[in-house]
Structure formats: structure tokens, C-alpha cells
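Computed from the coordinates by the stated procedures, all read-outs in this text should not be read as laboratory data. What you see is a predicted model; the values in this text were computed from it and never measured. Here the Cβ positions follow ideal geometry from the backbone for every residue, glycine too, while neighbour counts run over all protein chains shown.
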Amino acid sequence: MVAVFVLAVFLFIIAADIIVLKFQGKKHPAFATAIPQYGSSIHDENDISIPSDIIISKGHTWIKFGRDGLADIGIDAFGAAALGKMSVVKCADEGKEIKKGEIIFEGSYGDKTVKFLSPVNGFVKAVNSNIIGKKISGPYEMWGIKLITDSKENKRQFLSGNEAQNWMKNEFIRLKSFIENFTPDTGLAGVTMYDGGKLSDELASSFTAEAIANFEKEFLSL
Amino acid sequence: MKINEILKPTFWKVVSVIIVTIGLVSTFYRFTRGLGATTNLHDMAPWGLWIGFDFLGVGLAAAGFTIAATVHIFHLHKYEPMVRPAILTAFIGYSIVVCLLVVDLGRPENFWHPLVMWNIHSVMFEITWCLICYTTVLILEFAPVVLEKFNLTAPIKYLRIISIPVVIAGVLFSTLHQSSFGSLYLIVPGKLHPLWYSSLLPVHFYISCIASGLSMIIFESFLIARAFPKDEGFHHTELKMNILSGASFAVLVALIAGFLLKSYDFINNGKISLLIKPSAETYLFYLEIITGTIVPISLLSFKKFREDKKWLYIISICVISGLILNRLNVSITGLIASSGVNYFPSFDEISITAMLVVLGVFAFRIVAKNFHLFEAAESHETVKERI
């Protein structure tokens with residue numbers, strides 16, 4: 001009978017909790033309306049396709065090594081669209097030596113600014129001033145900086161081809177968890193996240209400075 | 001945390017304060033008046049609710065070693081967000097067990113005797129030492145969370161170096177500990193009811209703790225999502241259905257293994273006839289098997305139930321209920337039958353047990369609010385693994 005008594009107490013507490021939540025006007029997570037979190041991603045298929053001559057850094061910049069010994073560097077499709085349409089507000093200065101991990105671009109999602117880190121060491125040969133202040137469309141056609149760098153630098157740290165596409169897809173899945181965690185208004189993101197639409201350009205404005213710092217740490221660090 | 005927030009009364013806070021207050025009074029009586037005056041234990045029924053809860057607490061804490069081994073030894077980093085809550089649950093579970101053991105000892109002031117007075121031929125000796133060693137391992141496994149809070153990076157570095165040996169030691173101690181609870185009952189073949197007595201009891205205990213430990217962590221994920229919502233400033237506490245579904249498949253495998261082992265035991269030892277003998281023990285055995293094994297296996301066999309959070313919650317409750325019934329049936333129901341006496345815990349036994357459970361939940365809440373218990377939903381390792 002002791003076993004039945006303990007079991008009855010256990011089940012009673014679970015039932016009482018559900019009733020208490022009901023009185024508080026809340027729903028137990030187990031019985032709340034299901035949101036299809038894991039079946040789909042929030043990306044446009046075009047965002048996932050990456051040109052074959054481009055390699056991707058884990059800090060969401062892309063590199064294209066040219067025959068002239070210069071490397072074109074830009075922001076990838078994820079970086080260009082993660083928290084809404086992004087504009088480049090600043091690039092590293094021309095003629096400057098830049099080391100891997102230093103800030104190479106600053107971009108803004110609405111009123112929030114994020115920093116992208118240089119994936120390689122090098123000298124800034126040229127800056128594409130045409131992209132400053134513009135929203136990025138066709139990210140792999142819009143280079144931001146031409147860098148003199150050693151093309152033989154360890155390419156194993158970068159991703160390309162199918163590996164890069166799979167990684168990008170997973171980054172968008174991770175992003176969904178991130179947005180769900182940090183947006184104070186899930187409904188704002190929800191329209192885009194769960195109903196198959198694109199991310200709202202207003203999304204970033206609802207984020208706190210802490211959330212943006214977390215975004216940089218989770219997605220833009222090398 | 002603001003003092004107003006702490007003092008703001010809620011239903012569960014009021015209930016908890018009442019339970020803890022009554023429990024403290026009962027604890028005072030137990031230590032001042034003795035076991036005889038405050039419990040319904042006697043020479044014919046020396047082990048009661050507290051020993052049953054020890055078995056239960058250790059069984060439900062099994063997720064600690066299961067998840068730690070899954071992530072750190074088998075490198076299934078998908079389950080990483082579960083590691084810290086699982087280890088904390090195990091640590092709190094074991095702490096409750098230690099407290100209950102001290103309360104249950106006739107001479108609690110002698111609790112330290114097994115540390116220096118070794119009886120290496122006793123199963124109790126093995127149980128005691130596994131309990132001590134595994135609790136130490138859990139402290140080492142959880143220490144980085146505490147050290148992180150105070151930015152003590154140097155000790156974390158050393159703990160990382162020894163992390164794999166520590167996890168392996170944890171798996172070993174846990175395996176020994178879980179199974180030795182079963183071994184304890186091998187010495188009472190004439191006293192434990194044959195429905196539960198088996199030479200395979202250590203294996204039964206081990207397999208069932210894996211299923212129920214994982215179910216406990218699934219159940220706990222729902223409690224975390226319910227208790228630490230995003231609008232109160234918590235992150236990464238939402239239900240991660242992809243992880244929970246994966247864990248539920250492991251529960252299914254463990255339940256099937258346990259059921260096959262039990263079937264083999266019944267067939268091989270000619271115990272089938274016991275199943276049609278009408279008695280309170282038989283009904284309780286049926287309740288245990290149907291609730292904790294047959295219903296969960298039937299539901300978990302379908303992917304749609306494994307991926308549905310409502311059903312996953314219900315299934316986890318079923319498996320935990322099965323463990324509650326099993327451990328209490330082995331430690332109380334199965335033994336009381338042969339002793340010829342009746343036993344039901346006294347008010348003080350119940351109130352002390354309830355108080356320790358409430359304090360355990362309170363401790364979890366304090367740690368969750370003040371330390372980085374919930375890690376990022378998906379770490380970079382997870383993503384790398386998926387690719």
C-alpha cells in the first residue's frame with residue numbers, strides 16, 4: 001500500500017500543478033499549443049546555395065581567392081539576413097594590416113550593430129565603398145574588402161561545397177532557437193519563423209544589447 | 001533577486017513553506033525522541049518509506065551518469081544541453097538519499113563508521129562506498145559550473161583535463177551502486193516475494209534505472225520549461241523536442257531490454273503461475289508492469305508519440321511511476337508479505353520525506369537562477385556532428 005500511496009501523491013502533485021496553472025491563466029508546456037520548431041528551417045533555398053569558388057568562414061564571412069593573389073572577402077547569406085536585412089556601415093581601413101579575429105566589417109540590422117571578424121591575416125588592398133550604407137542583396141557578388149593574404153593559409157578551417165551548405169542550413173536552425181530564446185515578442189519573429197516567410201526587418205530592434213552580444217558570440221566568433 | 005520577488009506568495013511557495021515547517025518539527029522529534037516514537041518501523045518491518053525513497057532517489061538520479069557518458073564518452077554532443085541539469089539532479093538526488101540515510105540510522109551520530117570500519121564482505125559496505133565515491137564524482141562534474149560563476153578559470157582548466165577519467169569513474173561507481181541495490185536483496189530469497197525476487201535483481205535494477213533516469217530528465221525538462229520561462233529572463237529553457245525524442249528512443253530500448261529480462265526470469269524460474277494467483281502483491285505487480293513497462297513501450301514504439309510533447313510528458317510520468325512502484329514493491333511490499341505484519345509510514349516519516357523533496361526542488365531552483373545551468377540550445381559541436 002505504501003507504493004500506491006507514494007504513487008498517488010506523485011500523480012496528485014502533477015494534477016494539482018496543472019490545475020494551479022489553469023487558475024493562473026497559463027498552460028503547462030506539455031499541453032501548450034505545439035509550434036513546429038524542428039521540422040523546418042527559416043531560410044530561403046537561395047541563401048543556402050554557395051558558389052563553388054567561394055569558401056566560408058565560421059564567422060559568417062566568405063573568401064574568394066583570386067589569381068592576382070588577392071582575396072575578396074564579404075559577408076555570407078546568413079550574416080546578410082540573420083536578424084533582418086543587413087547594411088554594411090563600416091569596413092576595415094584601406095592599407096591597414098589586419099589580423100585574423102580583428103574586426104573587418106561592421107553591419108547593422110536596423111538600429112543594432114554587429115561586428116564581423118577577419119577570417120585571415122593580411123593587408124587591406126581595397127575597400128568596396130559602393131556597399132557602405134546599402135542593404136546586401138546577392139551577398140556572394142558583393143565583396144567588401146580585397147586583402148593581400150597568403151592563399152596557402154590553412155584552408156581546412158574553412159568550409160566549401162556541400163559541407164558549407166549543410167553547415168549553413170544548421171546555422172539557420174540554430175538561429176531559430178536563438179531568436180526564440182532572445183526575442184521578447186515571439187509573435188514578431190513567429191510570423192516569419194513558423195509560417196514560412198522571411199525574417200522581419202524589424203526583428204533586431206526588439207533585441208536587447210545582451211541579445212546582440214550573444215548573437216555575436218554564438219554566430220560571428222571564429 | 002529582489003526581496004519582494006522572494007516574498008511574493010504563490011500557491012507552491014505557501015505549500016512548500018508549510019511542508020518544510022512541519023518537516024523540521026518532525027525532524028526535531030525524530031532526533032530527540034528516537035525512531036520508535038516517531039516512526040512505524042519495528043523489528044518485523046525495520047526498513048520502510050525512507051529506504052524505499054533511497055532506492056527511488058538513486059534510481060531517478062541515474063540520468064547523471066547516463067547523459068554524461070552519452071556526451072563525453074560517446075561524443076553525442078546533441079545531448080549536451082541536458083548534461084548540467086542531469087548532473088545537478090543526480091547530485092541533489094544523492095544528497096536527499098544521504099540525508100534520509102542519516103535520519104533513518106538508529107545511531108545517526110555514527111554515520112561515519114563505514115569510512116573507517118570496513119566490512120568488505122558486506123553489500124552495505126559496497127553501497128556506502130559507491131554512494132560516497134559517486135557523490136564526490138558528481139561534485140567534480142558540477143564544480144566547473146560553480147567555478148565559472150566566480151571566474152576561476154585555472155581550476156576549471158585542471159578539471160577539464162581530468163574530466164574524461166572522472167566521467168568514466170562516475171559510470172563505474174553508478175553501475176556498481178545501482179546494481180548493488182539489487183544485490184542487497186539477493187540475501188533474502190525466502191523473505192522477498194518471488195514476484196520480485198530474482199538472481200537477476202542487480203541487472204533488473206541497473207536496466208530499469210537507465211530507463212527511468214532518462215525519463216526523469218525528460219520529465220524535468222518539462223518542469224524546467226514550466227518553472228523558468230523566457231518572460232522571467234531565462235534562456236535555453238524551452239523544450240528541445242529533437243533531444244527529448246532521441247532520449248525517449250533510448251528509454252524504449254532500455255524498457256524492452258528490461259521486459260525481455262523479466263520475461264526470461266519468469267519463464268526460466270517457473271514463476272508464470274504466480275501471475276494468476278490473486279493477491280495484493282500480484283495486483284501491485286501488474287500495476288507496476290503495465291504502468292511502467294507495457295504502456296510506455298506501446299506508445300514509444302510509434303514515432304508520432306515520441307515526437308509529440310504531450311505524449312512524451314505522459315510517457316515519462318508512466319516510466320517514473322513504474323520505478324516508484326518497482327522500488328517500493330521490492331523494498332516494502334515484497335518484504336512485508338513474508339513478515340506477516342502491516343506497515344504504513346507514520347506522519348513524521350512522511351513529513352520528513354516530503355520536506356527533503358521540497359528542499360531538493362528548492363536547491364535546484366536556487367542553482368538554476370544563479371548559475372549557468374542551461375547551456376546554448378545547440379553548441380557548435382552539435383552542428384559539427386550533424387554535418
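At the listed q of 0.17, 0.19, 0.21 Å⁻¹, the Debye profile of segment B:253-387, built from one uniform point per Cα, gives log10 I(q)/I(0) equal to -1.15, -1.23, -1.28.
Legend: calculated FRET efficiency, B:K304 to A:F12, from the Cβ-Cβ distance at R0 = 35 Å, rounded to 0.05, equals 0.75.
Across chain B, the longest piece that holds none of the trypsin sites (Lys or Arg not before Pro) lying in DSSP loops with up to 14 other C-beta atoms within 10 Å covers B:192-387. For segment B:262-342, chymotrypsin sites (Phe, Trp or Tyr not before Pro) meeting the loop criterion (DSSP other than H, G, I, E, B) and having at most 16 other Cβ atoms within 10 Å: B:F302. Mean per-residue shielding of peptide A:172-182 is 4, counting Cβ atoms of other chains within 10 Å of each Cβ.
For chain B, the fraction of alpha-carbon pairs lying more than 33 Å apart is 33 percent, rounded to a whole number. At an R0 of 25 angstrom, the distance between the Cβ atoms of B:R33 and B:F344 translates into a FRET efficiency of 0.80. Taking amide H atoms as placed 1.01 Å from N in the peptide plane, the amide H of A:D76 lies under 5 Å from those of A:T61, A:W62, each 5 or more residues away in sequence or on another chain. Counting Lys and Arg as +1 and Asp and Glu as -1 over every other residue whose Cβ lies under 15 Å from the Cβ of B:L323, the net charge comes to -1.
When all alpha carbon pairs of segment B:176-217 are counted in 10 Å bins from zero, the resulting P(r) reads 31, 46, 20, 2 %. Loop-resident GluC sites (Glu not before Pro) (DSSP state other than H, G, I, E or B) in segment A:59-132 with no more than 16 further Cβ atoms inside 10 Å of their Cβ: A:E94, A:E102. Computed across segment B:121-252, the Kirkwood radius stands at 17.7 Å (inverse of mean 1/r, all Cα pairs).
Helical content of chain B, expressed as a calculated mean residue ellipticity at 222 nm, amounts to -22500 deg cm²/dmol (DSSP H runs of 4 or more residues, -39,500 (n - 2.57) each, divided by residue number, nearest 500).
Averaging the Cα positions of each part gives two centres, and for segment B:147-170 and segment B:270-296 these lie 46 Å apart.
Each residue, A:S205 and A:I19, gets one label point 7 Å from its Cα in the Cβ direction; the gap between the two is 4.7 nm. Scanning chain B for long hydrophobic helices, with DSSP H runs required to stretch 20 angstrom or more by C-alpha along their axis and to average at least 0.0 on the Kyte-Doolittle scale, returns B:11-33, B:80-104, B:123-149, B:163-184, B:201-227, B:241-268, B:309-328, B:347-370. Working ranking of peptides A:71-77, B:134-140, B:177-183 by packing, defined as the average number of other Cβ atoms within 10 Å per residue, highest first, is A:71-77, B:177-183, B:134-140.
Label-to-label distance, B:F362 versus A:F31, with points set 7 angstrom from Cα along the beta-carbon direction: 2.9 nm. Rounded to two decimals, the Cα-based Rg/Rh of the protein assembly as shown, with Kirkwood Rh, is 1.05. Between B:V146 and B:V188, the FRET efficiency estimated from the beta carbon spacing at R0 = 51 angstrom works out to 0.80. The coefficient of translational diffusion for segment B:1-146, derived via Stokes-Einstein from the alpha carbon Kirkwood radius under 37 °C and 0.692 mPa s, stands at 182 µm²/s. Simple point charges give the picture: +1 on the Cβ of Lys and Arg, -1 on the Cβ of Asp and Glu, and for segment B:47-371 a dipole about the Cα centre of about 680 debye.
For chain B, modelled as a GNM with alpha-carbon contacts under 10 angstrom, which of B:S263, B:S122, B:S338 fluctuates the most? Ranking B:S263, B:S122, B:S338 by mean-square fluctuation puts B:S122 first.
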